[in-house]
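Structure first, then comments.
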Amino acid sequence: DQNKYTGLIEDCYCDYETVDSINGEFLYPLLQELVTTSFFRYFKVKLWCDCPFWPDDGMCRLRDCSVCECPENEFPETFKKPWTHGLPSDDLVCQEGKPQSTVDRTLDSRAFRGWIVTDNPWTNDDETDNGEMTYVNLQLNPERYTGYTGPSARRIWDAVYSENCPRYSSGEICQEKKVLYKLISGLHSSISIHIAADYLLDETINQWGENVELLYDRVLKYPHRVRNLYFTFLFVLRAVTKAADYLEQAEYDTGNHSEDLKTQSLMKQLLYSPKLQAACPLPFDEAKLWQGQSGPQLRQQIQKQFRNISALMDCVGCEKCRLWGKLQVLGLGTALKILFSVDGDKIPVQPLQLQRNEVIALLNLLNRLSESIKYVHEKGPSVEKIFAEP
Ligand code: FAD
């Protein structure tokens, strides 16, 4: 059924066709360029295994994926000196690791300045700089197949869904809980799509390529997963455009003047695009939420649930998955912070303040979702023809 995804995206003010065309023509190419700039390609993250939920099951100790568990005699002597930017690169440290699971920490010498450090109330991480933080070049660590699977991965998704945002029944009236479920499900779809788009087909010859069967089995077969992806994309897009004035004035200074000008110009194009404003002026209307009497308590409850989801990311037993899990959950947390930093009377709780890292996460998340939407739009119909049962 080619027309499965038509009309308005549920709870949004934009239809599938418009999202596909504005994404393909404008957002996707722009975001692809934006995330390669010096400002957007470095993400600060604590990759240490620090799982608060299942401390003893060895999940964080997967040798294939973890940096912390390498015996010290594997370190070259020169790496034993103190590190200024976190840990040494994995491929030098973790000889036994699968290269596709590990994180390459190669870093330019540029430093970022001028951003405020205030913890995000929606996420669990302490963002203060300390010795456990490391910078990761996202361009060297694409989100793709890593081989992380089985009970450890399953346990995290199960905890995310069953403990924090139970699937809503069709009679569910609480719009806000529905939003949380759809955001997580949309993100999950996007992660699965990236695994399918960049899969290790043959380990012996290190051959990478598409796995369309996986795309079908994990995403396309379940139309609500595709719909949730579109929803999550519009939700994050709304957050970005809502914060347009803040994001326009923000400093994208990395010390590379010409590139910083480019970053600023790309941000302006994104934030004030007449094309986008004409096609999809209000992707999602956050003002409709938290209207009921229990609005403030409900927001607190959902904030707590989202913080739990954020904390679960520390239990992800594969480093590269943990990196993208943390980045994207911080991106969603930033979108939630932008859209819901108002109390019941719509008065801002405080003026919007973002950290540099939150903005990096937000825009990289938007880019990942944009990639997933483009891939599903282009591949979906032909893959469904192959696998869908008559
Ligand atoms: P899973 O994807 O593990 O799904 C588990 C269950 O969740 C499914 O059986 C289904 O009931 C439900 N479900 C699945 N998709 C959706 C959806 N969209 N909406 C609602 N419910 C859904 N692996 C990599 O190779 N690379 C990565 O970068 C990577 N990143 C990860 C990041 C995180 C935070 C986590 C928790 C895991 C990550 N993984 C990654 C592992 C990957 O997501 C899968 O868990 C793994 O490939 C096993 O897949 P599965 O078929 O068991 O289904």
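The values are calculated or read from the model by the stated rules, or taken from the named source; none is laboratory data. Keep in mind the model is a prediction, meaning the values are calculated, not measured. Neighbour counts run over all protein chains shown; Cβ positions are idealised from the backbone, glycine included.
Could you say whether any residue in the stretch 336-353 is at pLDDT 80 or above and within 20 Å of Tyr161 (Cβ to Cβ)? Steps first, please.
Residues of the stretch 336-353 at pLDDT 80 or above: 336-340, 352-353.
Going one step further and asking which of them are within 20 Å of Tyr161 (Cβ to Cβ), we end up with 336.
Yes.
Quick check on my filter: what residues within the stretch 281-329 are buried (at least 22 other Cβ atoms within 10 Å of the Cβ), more than 16 Å from the ligand (Cβ to nearest atom) and of a type in the set (A, V, I, L, M, F, W, C)?
Selection gives Phe284, Ile302.
Just give me the residues in the stretch 203-213 being farther than 13 Å from Gly147 by Cβ and surrounded by fewer than 16 Cβ atoms within 10 Å (Cβ to Cβ), in sequence order.
Passing the criteria: Thr204, Ile205, Gln207, Gly209, Glu210, Glu213.
Provide a single number: the residues in the stretch 4-43 that are in contact with a helix residue (DSSP H, G or I) (Cβ under 6 Å, 6 or more places away or on another chain) and in a strand (DSSP E or B).
2
Go through the stretch 141-158 residue by residue and tally those that are more than 11 Å from Lys320 (Cα to Cα), under 18 Å from the mean Cα position of the chain (by Cα) and more than 7 Å from the ligand (Cβ to nearest atom).
Adding up the residues that qualify gives 0.
For Val136, only one of the following conditions fails: (1) modelled with pLDDT of 80 or more; (2) more than 13 Å from the ligand (Cβ to nearest atom); (3) more than 13 Å from Arg322 (Cα to Cα). What is its number?
(3)
Confirm whether Tyr216 is more than 10 Å from the ligand (Cβ to nearest atom), in contact (Cβ under 8 Å) with a residue 24 or more places away in the chain and buried (at least 16 other Cβ atoms within 10 Å of the Cβ).
Considered against the rule, which asks whether it is more than 10 Å from the ligand (Cβ to nearest atom), in contact (Cβ under 8 Å) with a residue 24 or more places away in the chain and buried (at least 16 other Cβ atoms within 10 Å of the Cβ), Tyr216 comes out as yes.
Here is a list of conditions, (1) surrounded by fewer than 14 Cβ atoms within 10 Å (Cβ to Cβ); (2) in contact with an Asp or Glu (Cβ under 8 Å, 6 or more places away or on another chain), and Leu261 meets all of them except one; can you say which number that is?
Of the numbered conditions (1) surrounded by fewer than 14 Cβ atoms within 10 Å (Cβ to Cβ); (2) in contact with an Asp or Glu (Cβ under 8 Å, 6 or more places away or on another chain), the odd one out for Leu261 is (2).
Pairs please, first residue from the stretch 261-282 and over 18 Å from Arg238 (Cβ atoms), second anywhere and surrounded by 15 or more Cβ atoms within 10 Å (Cβ to Cβ) and polar (S, T, N, Q), Cβ atoms under 9 Å, 6+ apart in sequence or on different chains.
Lys262/Thr37; Thr263/Thr37; Thr263/Ser38; Thr263/Thr254; Leu266/Thr37
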